[in-house]
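Report on the structure given below.
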Ligand code: GLY
Ligand code: MN
Ligand code: MN
């Protein structure tokens, strides 16, 4: 509200429910900006913010209570719950929004709204704006300016408060525990989906609501497929397994990748690749502190990975020239990471006015370099083919540097082997 000029209004629609098949739905996920601003968890609702409105500035529209529907589909807050439990100043049944919202839009200069994200709601909003014209015999003034709300909310979401950091720390701890569990239980002959089940067991038993994204469990060369989610193959002795899995805890995501040997012992070629990725991650984390530019961490991973591949004779040539050519892209085809928060690939700009932004305390990001050597790469010695390693942690920018929120799962080779042996 403090960022909105006077005589403006913001409208934030709940996410629609989505059908998975026939009459079953995907698990419901609230619009994260609405969750961020007021926490209201139900579909078919809308948050309206009207600074200066005498009867109340924080207004909710939501489903009425309905004992029959609640018996079938679950609890509904109703407008009373929106006021009593979510601290709305004022709340109305969503069925009345066509009658009420035009009056709230009338005479406002500016509407904040995330245009183009929800075609159905976009159309409703246009109808309400048009309805303003027919209010009071055609004298009423519809708003003249529409501004993207996300621009304001995303910048708020990028800097986490102490309360948010507490939740993200817990999301990180749970996911770290889950990866430890997978390491301890891994053995040749298990199927990838069985390690997925162990990971997700730990998420749910610890109070997380769901995986934050579809868990990736790729044994051997499956690790070379960046978004491998089939998770159907058998894990083989002598292979690595790459697990990229994080949980959602109280609406906040964690995002961890660990790569470890299925049988508990790294081979020499696996160890060589692993140590380059680990060194690349360490070099990147050194570049994360208030005032440093976002791209430095990415540059550090490219430097260490290119040098490492040259040292192993997987790449040939001068390191600086190879970096300019982008030779590493055959092996490291994504960038160092992304913002993390209520969404796993969280909101927030990476550049401002075309310049890399600098870190500020309260930002959270992943650092996740990797090396993926295609099983079909004829340019490298056969011993390297099919090796895939990614190491990913969640890093909080602090006042003086940064803090690893996912340090609860080992990533140094000896420590992984010890955990797996124990
Ligand atoms: N699993 C998604 C990511 O690491 O970005
Ligand atoms: Mn990940
Ligand atoms: Mn990630």
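The values are calculated or read from the model by the stated rules, or taken from the named source; none is laboratory data. Just so we're clear, the structure is a prediction, and the values are computed from it rather than from any experiment. Every residue, glycine among them, receives a Cβ derived from its backbone with ideal geometry; neighbour counts consider all protein chains shown.
At-a-glance table
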| read-out | value |
| --- | --- |
| Any chance residue 371 is more than 13 Å from ligand 1 (Cβ to nearest atom) and assigned to a strand (DSSP E or B) | yes |
| Criterion (within 17 Å of residue 104 (Cα to Cα) and either in a helix (DSSP H, G or I) or in contact with a helix residue (DSSP H, G or I) (Cβ under 6 Å, 6 or more places away or on another chain) (or both)) met by exactly one of 126, 156, 183 | 126 |
| Selection status of residue 393, part of a loop (DSSP other than H, G, I, E, B), surrounded by 19 or more Cβ atoms within 10 Å (Cβ to Cβ) and in contact with a strand residue (DSSP E or B) (Cβ under 8 Å, 6 or more places away or on another chain) | no |
| Which numbered condition residue 64 fails, given (1) in contact with a helix residue (DSSP H, G or I) (Cβ under 7 Å, 6 or more places away or on another chain); (2) within 20 Å of residue 37 (Cβ to Cβ); (3) surrounded by fewer than 17 Cβ atoms within 10 Å (Cβ to Cβ) | (2) |
| Counted residues, the range 314-338 - those being assigned to a helix (DSSP H, G or I) and within 24 Å of residue 223 (Cβ to Cβ) | 5 |
| Filter result for residue 272 (surrounded by 24 or more Cβ atoms within 10 Å (Cβ to Cβ), at pLDDT 95 or above and over 14 Å from residue 412 (Cβ atoms)) | no |
| Residue 365 being modelled with pLDDT of 95 or more, within 16 Å of ligand 1 (Cβ to nearest atom), more than 26 Å from residue 272 (Cα to Cα) and part of a strand (DSSP E or B) | yes |
| Restricting the range 339-362 to residues that are under 15 Å from the mean Cα position of the chain (by Cα) and either more than 16 Å from ligand 1 (Cβ to nearest atom) or part of a strand (DSSP E or B) (or both), the residue that is nearest to residue 152 (Cα to Cα) | 349 |
| For residue 223: the one exception among (1) away from ligand 3 (no atom under 16 Å from the Cβ); (2) over 19 Å from the mean Cα position of the chain (by Cα); (3) touching a residue at least 12 places away in the same chain (Cβ under 8 Å) | (1) |
| Residue count, the range 198-220 (criterion: touching a residue at least 60 places away in the same chain (Cβ under 8 Å), closer than 13 Å to residue 387 by Cα and either within 15 Å of ligand 2 (Cβ to nearest atom) or in contact with a helix residue (DSSP H, G or I) (Cβ under 8 Å, 6 or more places away or on another chain) (or both)) | 1 |
| Breaking point among (1) within 25 Å of residue 153 (Cα to Cα); (2) in contact with a helix residue (DSSP H, G or I) (Cβ under 9 Å, 6 or more places away or on another chain); (3) surrounded by fewer than 19 Cβ atoms within 10 Å (Cβ to Cβ), for residue 93 | (1) |
| Odd one out for residue 308 among (1) part of a loop (DSSP other than H, G, I, E, B); (2) farther than 25 Å from residue 173 by Cα; (3) in contact with a helix residue (DSSP H, G or I) (Cβ under 9 Å, 6 or more places away or on another chain) | (1) |
| Condition check for residue 77: over 27 Å from the mean Cα position of the chain (by Cα), surrounded by fewer than 20 Cβ atoms within 10 Å (Cβ to Cβ) and more than 27 Å from residue 344 (Cα to Cα) | no |
| Any hit, the range 308-329, residues being within 16 Å of ligand 2 (Cβ to nearest atom) and either modelled with pLDDT of 95 or more or within 22 Å of the chain's Cα centre (by Cα) (or both) | no |
| Residue in the range 247-264 that is surrounded by the fewest Cβ atoms within 10 Å (Cβ to Cβ), counting only those that are within 12 Å of ligand 2 (Cβ to nearest atom) and more than 24 Å from residue 275 (Cβ to Cβ) | 253 |
| Of all residues making up the range 347-374, the number that are within 16 Å of ligand 2 (Cβ to nearest atom), touching a helix residue (DSSP H, G or I) at 6+ places or on another chain (Cβ under 7 Å) and under 30 Å from residue 41 (Cα atoms) | 1 |
